[in-house]
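Down below is the structure, laid out as structure tokens.
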Amino acid sequence: MIYTFTAGFLGGVPAKPILNETIRNLYFHVAMWFGMMIFFIISVIYSIKYLRRNNQIDDFYAVEYSRTGIVFGFLGLITGSFWAKYTWGAFWSNDPKQLGAAIALLIYLAYFVLRNSLNDIDKSARLGAVYNVFAFAMLFPTIWIIPRLVESLHPGGLGKNPLDTKDIDSRMRIIFWFGAVPGWTILGVWITTLRIRLQLFSLKHDRHV
């Protein structure tokens, strides 16, 4: 993260019209979304493992990685809205990608509402795991499919490759792929593992009591 912030703010960037210095937000907005997807993938894997093995620890992992994914998702929305303000003229423009991302995060928030509405721990975990699989499946139409089928201010609209862009150069690619994406992801994993360790500690304490 030190490398990402230092190189991200002080490193050279290509001079592009409209984007200008705001292109540095690539290291934050886009990298956070990469991290979000990684955390949701890990979360759904553990939900599937829970449905197969009925191991409460798998449920802990699924919940905490989903929680971290939501946090990174909202951070991505916030940093993206500031980027939109300086490039598109408004914090929110009802762009298909913005709407799809907001819907996807609301679906994931409902995951926690569902879990908290049930008093039975086992039932909450099982229904939550099933819903988590559904929520992950909904990421594809809301974020990856529908926004690419329609005209969008984001790169990738109308079937174009969102990564096939000439807006960034080799300097930015090095910082993005070797600093920002792994940096934010590792930070999220570290925070999640701390929360999981607290959950496991509480579980052991309850069993001894």
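The values are calculated or read from the model by the stated rules, or taken from the named source; none is laboratory data. Predicted model, so just to flag it, every value in this text is computed and none were measured. We work out accessible area using only protein heavy atoms, side chains counted, and drop any ligands, DNA or RNA first. Shrake-Rupley method; radii C 1.70, N 1.55, O 1.52, S 1.80 Å.
Overview of results
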{"quantity": "Per-residue HN-Hα couplings for the range 28-39 [Karplus 6.51, -1.76, 1.60; θ = phi - 60°; Hz; x = Gly/Pro]", "calculated": "10, 4, 5, 5, 5, 5, 4, x, 4, 5, 4, 5"}
{"quantity": "Carbon and sulfur %, accessible surface of the chain computed with the full protein complex present, 1.4 Å", "calculated": "67 percent"}
{"quantity": "The range 3-140, relative contact order [Cα under 8 Å, separation at least 6], %", "calculated": "26 percent"}
{"quantity": "Partners for residue 49 among aspartates and glutamates (Cα-Cα distance below 18 Å; same-chain residues under 8 apart left out)", "calculated": "58, 59, 64, 122"}
{"quantity": "In Hz, Karplus ³J(HN,Hα) per residue of the range 119-127 (6.51, -1.76, 1.60; θ = phi - 60°; x = Gly, Pro)", "calculated": "7, 6, 4, 5, 5, 4, 5, 6, 5"}
{"quantity": "Phi-based couplings in Hz for the range 54-63 (Karplus 6.51, -1.76, 1.60; Gly and Pro marked x)", "calculated": "6, 9, 4, 5, 4, 5, 4, 4, 4, 5"}
{"quantity": "Angle between the chain longest axis and helix 181-208 axis [Cα atoms, degrees, rounded to 10]", "calculated": "10 degrees"}
